[in-house]
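This report concerns only the one structure given below.
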Amino acid sequence: MHISDFDYDLPPELIAREPARPRDASRMMVLNRVTGEWLDSEFLRLPEFLNPSDVLVINDTRVIRARVQGRVRERTVEVFFAAPVDLQIWEVLLRPGKRIRKGDRISFADGKLEATVGETRDHGLRLLHVDSPVEEFLEAHGHVPLPPYIERPDTSSDAVEYQTVYATAPGAVAAPTAGLHFTDSMFDALRVRGIEIVKITLHVGIGTFIPVRTEDPSQHVLKPERFHITSDAASRLNAARDERRRIVAVGTTSTRTLEYVAGKHGRFVEGSGEAGIYILPGYEFKAVGGMLTNFHLPRSTLIMLASAFASREKILAAYRHAMDQRYRFYSYGDCMLIV
């Protein structure tokens with residue numbers, strides 16, 4: 001297996017730099033992962049392609065305003081708050097970071113928040129010791145962490161549109177993008193069809209967008225992400241498995257969480273932790289029988305996960321068709337239902 005096995009050439013104009021409006025107006029390709037057949041549809045028809053016995057699992061994480069500017073030794077630095085270590089220590093990315101030393105003080109918003117730079121960690125992360133909790137500060141002064149390929153500053157619209165309508169648990173630094181298509185009316189239609197909806201939490205971290213730099217993808221190290229499953233969610237998911245009902249995950253984030261917990265415990269259990277799972281072709285899925293996902297970057301861990309679920313050949317063939325049909329790609333783009 002080589003990283004080039006997951007490559008494809010995407011015309012830049014197919015990168016979605018704005019969301020669909022309304023958000024449920026996206027197109028949807030439906031891919032049969034057994035036969036490789038696909039059909040072109042629209043997200044509004046999602047209930048038609050699900051069984052009344054299905055359980056749809058969504059990720060209720062909420063994106064924080066993770067990017068904020070500060071001052072260090074009279075220079076401006078951008079600080080990306082990646083993940084908390086505890087209440088007053090965060091892992092951060094600094095840009096530019098080469099001239100920033102351990103012990104440097106960073107001041108934000110004219111002194112409303114002060115912090116001290118600590119040790120260097122893997123993936124270019126630094127520890128940052130903040131003088132006070134940052135959640136309310138980031139909400140007031142931070143920027144929505146749009147992916148770099150969107151190539152524009154965030155706007156007030158992104159503060160709403162780069163969140164799912166069911167986002168309630170702050171902690172992600174990237175949106176669980178397959179969930180961006182959903183509306184309250186879609187959930188009403190799903191419930192009318194008899195589909196059960198279960199919420200879990202996975203706080204999307206920087207591991208989602210760290211490039212794979214190894215020629216052999218299996219040598220890449222995927223940074224774990226924080227998750228939480230309630231006792232009610234675990235009970236409902238276990239009941240679905242016992243009754244042989246299909247579990248359909250909304251997004252790679254829900255998929256990783258479900259597969260991590262089911263793989264570790266054999267069943268779903270209540271709890272919090274870090275989901276350290278890297279899914280590549282050859283992986284045997286233990287929990288998920290269907291997946292709604294967006295179209296992912298080439299050479300990314302996300303397209304590898306989709307390839308593990310439906311095979312690399314079927315995914316790349318479907319992507320070629322999506323490009324021919326001018327689907328919109330990446331975070332604000334269209335979606336694919338794999339069943």
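The values are calculated or read from the model by the stated rules, or taken from the named source; none is laboratory data. Everything numeric in this text was worked out from a predicted model, so none of it was measured. Quick reminder, even Gly has a Cβ in these numbers, built from the backbone with ideal geometry, and neighbours come from all protein chains shown.
Please state which of the following conditions residue 293 fails to meet, knowing it meets all the rest: (1) within 26 Å of residue 2 (Cβ to Cβ); (2) surrounded by fewer than 17 Cβ atoms within 10 Å (Cβ to Cβ); (3) not acidic (Asp, Glu).
(2)
Which members of the stretch 174-216 meet the condition of being more than 14 Å from the chain's Cα centre (by Cα), at pLDDT 95 or above and aliphatic (A, V, I, L, M)?
Hits for the stretch 174-216 are 186, 189, 190, 192, 195, 197, 198.
Under the condition of being charged (D, E, K, R) and touching a residue at least 60 places away in the same chain (Cβ under 8 Å), which residue from the stretch 22-40 is surrounded by the fewest Cβ atoms within 10 Å (Cβ to Cβ)? Before the answer, list the steps.
Residues of the stretch 22-40 that are charged (D, E, K, R), as a first pass: 23-24, 27, 33, 37, 40.
Those left that are additionally touching a residue at least 60 places away in the same chain (Cβ under 8 Å): 23-24, 27, 33, 40.
Values: 23: 19, 24: 19, 27: 20, 33: 18, 40: 13.
My answer is 40.
If I go through the stretch 24-62 residue by residue, how many of them are touching an Asp or Glu at 6+ places or on another chain (Cβ under 7 Å) and among the basic types (Lys, Arg)?
1
Going residue by residue through the stretch 119-128, is there one that turns out to be surrounded by 15 or more Cβ atoms within 10 Å (Cβ to Cβ), out of contact with any strand residue (DSSP E or B) (no Cβ under 7 Å at 6 or more places or on another chain) and of a type in the set (Asp, Glu)?
no
Restricted to the stretch 1-58, and to residues that are of a type in the set (Phe, Trp, Tyr) and outside any strand (DSSP E or B), which residue is farthest from residue 238 (Cα to Cα)? Before you say what the answer is, go through the steps one by one.
At the first step, the residues of the stretch 1-58 found to be of a type in the set (Phe, Trp, Tyr) are 6, 8, 38, 43, 49.
Restricting the remaining residues to those that are outside any strand (DSSP E or B) gives 6, 8, 43, 49.
On the way: 6: 34, 8: 38, 43: 28, 49: 23 Å.
Step by step, filter the stretch 1-58, then rank; the result is 8.
Being touching a Phe, Trp or Tyr at 6+ places or on another chain (Cβ under 6 Å), surrounded by 19 or more Cβ atoms within 10 Å (Cβ to Cβ) and either modelled with pLDDT of 95 or more or not assigned by TED's automatic domain parsing to the domain that holds residue 296 (or both) narrows it down to one residue among 81, 43, 6; which is it?
Sole residue among the options that is touching a Phe, Trp or Tyr at 6+ places or on another chain (Cβ under 6 Å), surrounded by 19 or more Cβ atoms within 10 Å (Cβ to Cβ) and either modelled with pLDDT of 95 or more or not assigned by TED's automatic domain parsing to the domain that holds residue 296 (or both): 81.
Which one of 50, 56 is touching a strand residue (DSSP E or B) at 6+ places or on another chain (Cβ under 6 Å), assigned by TED's automatic domain parsing to the domain that holds residue 295 and touching a residue at least 24 places away in the same chain (Cβ under 8 Å)? Walk me through it before giving the result.
On the way: 50 fails: touching a strand residue (DSSP E or B) at 6+ places or on another chain (Cβ under 6 Å).
Only one candidate qualifies: 56.
Please enumerate the residues belonging to the stretch 224-264 that are within 19 Å of residue 170 (Cα to Cα) and assigned to a helix (DSSP H, G or I).
Of all residues in the stretch 224-264, those within 19 Å of residue 170 (Cα to Cα) come to 224-230, 233, 250-254, 256-257.
Within the stretch 224-264, 233, 251, 252, 253, 254, 256, 257 meet the criteria.
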